[in-house]
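Heads up: the structure comes next, in structure tokens.
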Amino acid sequence: MILDLLTLAAGASLLLAHAAILGLALLGLAGMTQPQTQSPGNALLLLCFAFTTGLAVDIAALFLLAALGILTAPAVMTLAAALALLGGGYLAARRPKLSLAQPIDALSTLMAGGFFLLAIVVCYHPPGVWDDTMYHLPLARHYLEQGSLALHEFVRFPLFPQNINLLMSLGLMFGDARLAQVFVTLPLFIIALGLMGLSQMFCGRSLWGAVAAALVFVIRPVRETLGYAYVDNALALFCFAATIVLVLAPSTGRGARGWLLIAGLLAGTAAGSKLFGGVYAALLGLWVLLRRRQLAPVVYFCAATAIVGIGWYLRSFVISGDPVHPAGGPVFGHYLWDAADLASQKGEQQSHGVSRHPLNMFSALATAGVIGWILAFIGIALRQVPPAIRQLQWLFLGYFCFWFFVTQVSRYLAPVFAIGMFLSVYTVYRFWQWLSSRYPALKILENPKVVIGAGMIVSLAGTALIAAHYHDRDLAGALKRRLGLYAGQTPEALLQNRPGYQLFTQANGYTDTYGPRLMQLGFENAVYFFNGTVIGDWYGPGRYKDSITCERGKCTPLPADKMRERMLNFNARMIAVSSERYPAFDRNSYLGPFTLLYQDAYGALYALERDPQ
């Protein structure tokens, strides 16, 4: 286990080092590290901007290689080395001086190291929440296997912006699913650096930012998928960094253009990561227009955003005629998804949250698991707030209103995960300022030794609560189960009781006989475990409704002869059927046209007896 964790940490460190070289070089070119123009003001913010900018360049490079059809390990290593040489050469030649009014202190270094280790440890487990093994990791593996951006028509969202899936592909290229999970969880560590830097700038010390970062890790929309291959944490990073660059950017002067271009690069990467990243990038563009009230700043920001972010939308338009497939179906025409699929998806989206009445906004916070953000709203009423904080408040409010009226899926708050938490903690900081000014004795609580001691007490209390939750006096054993540190067990052993895993791995052993295609009914979240093409989902060409019959609310798979015909249409010779999803299914009803290859408590795996060719 220790060796595995060290390997994951080494992979994360290499990625961060490469990103830092590229990021610092670009920040230098943009004039963001030069004291004669402007700088982020402290080393924590500079590191946050450097890591994020470098990751944006790395993702753009992966997109370019995939678009050219050469997404291979040799090509990736060659381009990575070339970029590192260019970035390192620039830094060595120009040696941009860093204007660091607030360098990193020992406590901040210790806290940053803790967040880095946390981002590694939470990934030490096999994949499998839901979306990660349903389409995120399958897409990442598909691009890796094809070496290109070839369409995977049977996953749920084959034409969504997928920047972060390419980062997962990089993890799979040089490791396994755990490294892919690390690469898309590292953004939380970088967010922590940025929050600590903001706190140092506006609260006088990094501790308040560390509190905000710790709370980001534990809010429900992050906690539910923490350490798994989801795109939301990376989306949160790019939106957060783009926002901070914009609000700290100088209005005029030699470096103003560079800040806008870097912000556009980061916003464009967010737009290429998820449709909601595109929405947030548009919000930032509107903010630039309203704030600057000049054409040039808007052109710089929007041009950089479009150049970096438009690729996935162009791909979607070329393939389907819809740049935001499948959402634009009613306007651009349907492709893969039909009108009923889209209506069903919209209905599912509307089922989240509370009624869209403005009076329910705070109820929506509770439902989404971010009730603490009510403090961010309270902070809007504060007086004598720095201009940058006020701008963050309005941007947070603008996106929250969009989210409230359009979706209310908790993870879709990702663009403001960090901003919402920082503004909430900032409100507490202002209250603490007022309280400690009236009761000076409370200032002893700001002593670093007291902070470390309090942190240890909180950690011990948390450990005790974990042990109590598991009714286990063995604290080490309880922590292992809570954090996923299953010493002595392989990832495969941990997956044995996952529905569909055994069926799909058994199917892997029959691909030479029956081919690399598997139809499935009820196991859409196990797609990643089959090393081939899986057909079957609620939406798209393999939609369940065409493979089942329903009567009086009970659904069963099609009769054997009709299912055989449907499978032949997809050139598939194996099918897995879930007993949990279709309890009325008689497993013996498929015997004859099909051979039963394997069965367990979760379902059955069949194969066509005769070659469909």
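A few remarks follow.
- Cut-off 15 Å between beta-carbons: net charge of the residues surrounding Gly379, Lys and Arg +1, Asp and Glu -1: +3
- Between Asp586 and Glu609, the C-beta separation translates, for a Förster distance of 22 Å, into a calculated FRET efficiency of about 0.75.
- Applying the criteria of a DSSP loop state and at most 15 other Cβ atoms within 10 Å to the trypsin sites (Lys or Arg not before Pro) of segment 312-360 yields Arg356.
- Inter-label distance, Leu442 to Ala282: 4.4 nm, where each label sits 7 Å from its Cα along the C-beta direction.
- All other residues whose Cβ lies under 10 angstrom from that of Tyr335 are scored, Lys and Arg at +1 and Asp and Glu at -1, for a net of -3.
- Per DSSP, loop trypsin sites (Lys or Arg not before Pro) in segment 367-425 with at most 12 further Cβ within 10 Å: Arg383
- When peptides 198-206, 162-170, 564-572 are ranked by their average number of other Cβ atoms within 10 Å per residue, the highest-first order is 162-170, 198-206, 564-572.
- Across segment 263-309, the convex hull enclosing all Cα atoms gives 45 Å³ per residue.
- The P(r) of the chain has a tail past 50 Å containing 12 percent of all C-alpha pairs.
- The order of the peptides 60-67, 420-427 by mean Cβ neighbours within 10 Å, most packed first, is 420-427, 60-67.
- FRET efficiency estimate (nearest 0.05) - Cβ-Cβ, Asp546 to Trp394, R0 45 angstrom: 0.40
- DSSP-assigned coil residues among trypsin sites (Lys or Arg not before Pro) in segment 94-170, each with at most 13 further Cβ atoms within 10 Å: Lys97
- Relative contact order (%) - criterion: Cα under 8 Å, at least six apart; region: segment 191-286: 19
- Per-peptide packing, taken as the mean over residues of other Cβ atoms within 10 Å, places 104-116, 2-14 in the sequence 104-116, 2-14 from highest down.
- Spatially proximal aspartates and glutamates relative to Lys274 (Cα-Cα < 13 Å; intrachain offsets below 8 disregarded): Asp232
Read the figures in this text as sums done on the coordinates, not as results from a lab. Nothing here was measured: the structure is a model prediction, and the numbers come from that model. Backbone-built Cβ (ideal geometry, glycine too); neighbour counts: all protein chains shown.
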